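Novice: This is the structure I want to talk about, given as structure tokens.
The values are calculated or read from the model by the stated rules, or taken from the named source; none is laboratory data. If you're wondering where the values come from, they're calculated on a predicted model, not measured in any experiment. Here the Cβ positions follow ideal geometry from the backbone for every residue, glycine too, while neighbour counts run over all protein chains shown. Calculation scope for accessible area: heavy atoms of the full protein, side chains included, ligands and nucleic acids excluded. Shrake-Rupley method; radii C 1.70, N 1.55, O 1.52, S 1.80 Å.
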Amino acid sequence: MNIEAQKAVTLAYTLTDTDGNILDTADANEPFVYLHGSGGIIPGLEKALQNKSKGDTLQVNLEAAEAYGDYSEKLLQDVPREMFAGMDEKDLFAGAQFHAETNQGMQVVTVNKINDDTITIDGNHPMAGKALRFDVTVLDIRDATPEELAHGHIHAHGGSCEH
Ligand SMILES: [Zn+2]
């Protein structure tokens, strides 16, 4: 069986930046499972995995644009401090990350700078602007279940989800 659309794919991987710093890993004990062809993983990686088989290992080098996108100054935005009124002061510092509902869905937003009356937030993905290297092993490939296909994502551990 090869990796193609509507397959549930189990991967182990090590993700590093171009300096060799490890940013993320998944191994056989805690593998990463995704639904191929659903846009659930970054496009360059999904493309590289197309037609691969169980046991294959591959090294995927991605420019920022093929990974989490180029860094965009336009995604820096000054918002009124009041918008953070409900938050603890100690949670508000440059580099703090939180999830926010945006017109592109739920996204990670990073606090860029604390100003007197406003807070500069950064809507770039934390890995935007970074060239990435994935060392990937394909651990397993199976057909996705009809329910998984309907949901557009994998139900891990054979369980079901609440939606
Ligand atoms: Zn689901």
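Novice: On the accessible surface of the chain, probed at 1.4 Å, how many percent belong to carbon and sulfur atoms?
Specialist: Taking all protein chains in place, the chain shows 47 percent carbon and sulfur surface.
Novice: Which entries of 52/130; 74/113; 7/54 have Cα-Cα distances beyond 18 Å here?
Specialist: Among 52/130; 74/113; 7/54, the Cα-Cα distance tops 18 Å for 52/130.
Novice: Using amide H atoms built 1.01 Å from N in the peptide plane, name the residues 5+ places from residue 52, or on other chains, whose amide H lies under 5 Å from its own.
Specialist: Excluding prolines and chain starts, which carry no amide H, the hits are 3.
Novice: Evaluate the charge dipole of segment 73-122 about its Cα centre and quote only its size in Debye, nearest 20, assuming +1 on the Cβ of each Lys and Arg and -1 on the Cβ of each Asp and Glu.
Specialist: The calculated dipole for segment 73-122 is roughly 140 debye.
Novice: Right, here's the next one. How big is the charge dipole of the chain about its Cα centre, in debye rounded to the nearest 20, if each Lys and Arg gets +1 on its Cβ and each Asp and Glu gets -1 on its Cβ?
Specialist: 480 debye
Novice: May I ask you to derive the FRET efficiency for residue 115 and residue 90 from their Cβ-Cβ distance with R0 = 22 Å, giving the value to the nearest 0.05?
Specialist: Efficiency, from the Cβ-Cβ distance: 0.80.
Novice: Classify the chain as rounded, prolate or oblate, taking a ≥ b ≥ c as the square roots of the eigenvalues of its Cα gyration tensor: rounded when a/c is under 1.5, otherwise prolate if a/b is larger than b/c and oblate if not.
Specialist: Prolate.
Novice: So what are the ³J(HN,Hα) numbers for segment 68-83, from phi and the Karplus equation (6.51, -1.76, 1.60; θ = phi - 60°), rounded to whole Hz, Gly and Pro as x?
Specialist: Working through the residues one at a time gives 9, x, 6, 6, 10, 4, 5, 8, 7, 9, 8, 10, x, 4, 4, 4 Hz.
Novice: Same structure again: Among 92, 121, 132, whose Cα lies farthest out toward the positive end of the dipole of the chain, if unit charges sit on the beta carbon of Lys, Arg (+1) and Asp, Glu (-1)?
Specialist: 132
Novice: So, one more: Using a 7 Å offset from the Cα along the Cα-to-Cβ direction at both residue 53 and residue 133, what is the distance between the two label points in nm, to one decimal?
Specialist: The answer from the label model is 2.7 nm.
Novice: Okay, next question. Amide H to amide H, which residues 5 or more places from residue 154 or on other chains are under 5 Å from it, using H placed in the peptide plane?
Specialist: 35
Novice: May I ask you to evaluate 6.51 cos²θ - 1.76 cosθ + 1.60, the Karplus curve with θ = phi - 60°, for each residue of segment 22-38 and list the ³J(HN,Hα) values in order in whole Hz, giving x for glycine and proline?
Specialist: 7, 9, 6, 9, 9, 10, 4, 6, 10, x, 9, 10, 9, 9, 5, x, 10
Novice: Still on this structure, please answer the following. By how many nm would the segment from residue 18 to residue 76 lengthen if fully extended, with 0.36 nm per residue of separation less the alpha-carbon distance?
Specialist: Gain on stretching residue 18 to residue 76: 18.4 nm.
Novice: So, one more: Counting Lys and Arg as +1 and Asp and Glu as -1, each charge on the Cβ, what is the dipole of segment 1-52 about the Cα centre in debye, to the nearest 20?
Specialist: 300 debye
Novice: Sticking with this structure for a sec: May I ask you to derive the FRET efficiency for residue 1 and residue 61 from their Cβ-Cβ distance with R0 = 35 Å, giving the value to the nearest 0.05?
Specialist: Approximately 0.85, to the nearest 0.05.
Novice: Rounded, prolate or oblate: which one fits segment 73-122, using the alpha carbon gyration tensor with axes a ≥ b ≥ c (rounded when a/c is under 1.5, else prolate when a/b beats b/c, else oblate)?
Specialist: Note, shape of segment 73-122 comes out prolate.
Novice: Given a 1.4 angstrom probe, what's the average accessible area per residue across the chain, in square angstrom?
Specialist: Ligands and nucleic acids excluded, the figure is 61 Å² per residue.
Novice: Which order do peptides 130-137, 44-51, 149-156, 111-118 fall in by mean Cβ count within 10 Å, highest first?
Specialist: Taking the mean over residues of other Cβ atoms within 10 Å, the ranking is 130-137, 44-51, 149-156, 111-118.
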